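Below is one structure; the comments refer to it alone.
Bear in mind these aren't lab numbers, they're just calculated from the coordinates by the rules spelled out. All figures in this text were calculated on a predicted structure; none of them were measured in a lab. Cβ sites come from the backbone with ideal geometry, for glycine too, and all protein chains shown count toward neighbours.
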Amino acid sequence: MSILNMMNKKMMMPDSYKELPDEEMKKRILHIKKKYGEKLFIPGHHYQKDEVIQFADATGDSLQLAQVAQQNNKAEYIAFCGVHFMAETADMLTENDQVVVLPDMRAGCSMADMANMQQTNKAWEKLTDIFGETIIPLTYVNSTAEIKAFTGRNGGAAVTSSNAKHILRWALTQKKRILFLPDQHLGRNTAYDLGIPLNRMAVWDPIEEKLLYDGDVQEIKVILWRGHCSVHEKFTVNNIKSIKERDPAINVIVHPECTHEVVMQSDFSGSTKYIIDTINKAEPGSKWAIGTEMNLVQRIINEHPDKQIESLNPDMCPCLTMNRIDMPHLLWSLEQIDKGEPAGVIKVEEYITKDAISALNRMLSIS
Ligand code: 13P
Ligand code: SF4
């Protein structure tokens, strides 16, 4: 067997965990939580399944989870229930001796994979040839630690969907134009919200290595990396049209990873926290169609029997990578910690952390 296969095997949950009854898994997870107390911390992103969220010590959107990780100095182990970039962020924001594990290493984010360093170096070389030193990079936290390090090295900051407006406003006080990685939709929606017209935004195509823009390039204020979330791109203007035709009283609320057209046709848009808070505050009897990941939409529906809530797209499925973390993986991950053999340890290399942390710290200090 090759070393790679052996390593992979060690990082994978044995199949036997899948056979365990829920009650048995629950008992064993609660036993470890009790045994470790504050030495074990389980943050859970809002998109996680209920079977995982029931064990979370903190839930939140990306910004809140970054903040709670930074503030926690008691936990020796952090079992991060979310996706890879979130666990990397938690690792960089915690002390060196705090161990962050991701219960399933296959829980990535397809959007974060849409910008790699080779592409980014190429883009930066070409863009600085055209624009000189007039560009500041900003990266959505849904990006690899390397991209955050690139951003930090070049004076920029990370952003989340909660603070994007704040950070873009700050960035425009630093430089004439912004390179926004890797989500073109969050970049476009936020810049538009700040009053930047669409005709002053260009798109960088990392595959073709081309700047897509009609007009005088010196007019460009924002360069949007051509990346997207395949979950949120599934919400369409037609979904909104048919919901509004059925009942104009239905409020449409979407995540800003949706396309610009969808955000423009919606009544509200914002982060997962914003969506939850808005529905919490809504009048009993009010009607809502939500455009975001399905585990969260279903949880909101269950928590508000007094409101009429549905998914904006009736054929929506959950974010498949977020969904990889389930009760068997959480149990296995905690039992590996308990055996003294933590698996799925996320450790960002020192030289990357050094620069990435400045992008994250800039974000947290501006937020
Ligand atoms: P939030 O920061 O709004 O929770 O979004 C994270 C995410 O991945 C949305 O797809
Ligand atoms: Fe990534 Fe989209 Fe899943 Fe969010 S919903 S984690 S952006 S793939």
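What residue among Ser143, Ser286, Ser271 shows peak mean-square fluctuation when the chain is described by a Gaussian network model with Cα springs under 10 Å? Between Ser143, Ser286, Ser271, it is Ser286 that shows the largest mean-square fluctuation.
Could you identify which residue out of Pro342, Pro284, Pro256 has the top mean-square fluctuation in a GNM of the chain using Cα springs shorter than 10 Å? Per the Cα network of the chain with a 10 Å cutoff, Pro284 tops the list. Computed 3J(HN,Hα) for segment 235-246, one whole-Hz value per residue from the Karplus formula 6.51 cos²θ - 1.76 cosθ + 1.60 where θ = phi - 60°, is 8, 10, 4, 5, 4, 5, 4, 6, 5, 5, 5, 5, glycine and proline marked x.
Here Thr272, Thr190, Thr128, Thr321 are placed in order of increasing Cβ neighbour count within 10 Å, fewest first, which gives Thr128, Thr321, Thr272, Thr190.
Bridge orientation summary for the chain: considering DSSP beta bridges with both residues in this region, about 10 percent are antiparallel. Share of Cα-Cα pairs in segment 221-367 beyond 21 Å, in percent? The share of Cα pairs beyond 21 Å in segment 221-367 comes to 59 percent. For Lys244, the lysines whose Cα comes closer than 18 Å to its Cα, not counting residues fewer than 8 places off in the same chain, are Lys234, Lys287, Lys307. Sites listed here are GluC sites (Glu not before Pro) in segment 314-351 whose DSSP assignment is loop and whose Cβ has at most 16 other Cβ atoms within 10 Å: Glu349. Across the options Ala289, Ile352, His329, the greatest Cα extent toward the positive end of the charge dipole of segment 266-363 (unit charges at beta carbon of Lys, Arg, Asp, Glu) belongs to Ile352. When every Cα-Cα distance of the chain is counted in 20 angstrom steps from zero, the calculated P(r) takes the values 29, 56, 15, 0 percent. Projected onto its three principal axes, the C-alpha set of segment 105-222 covers 44, 30, 24 Å, listed from the longest axis down.
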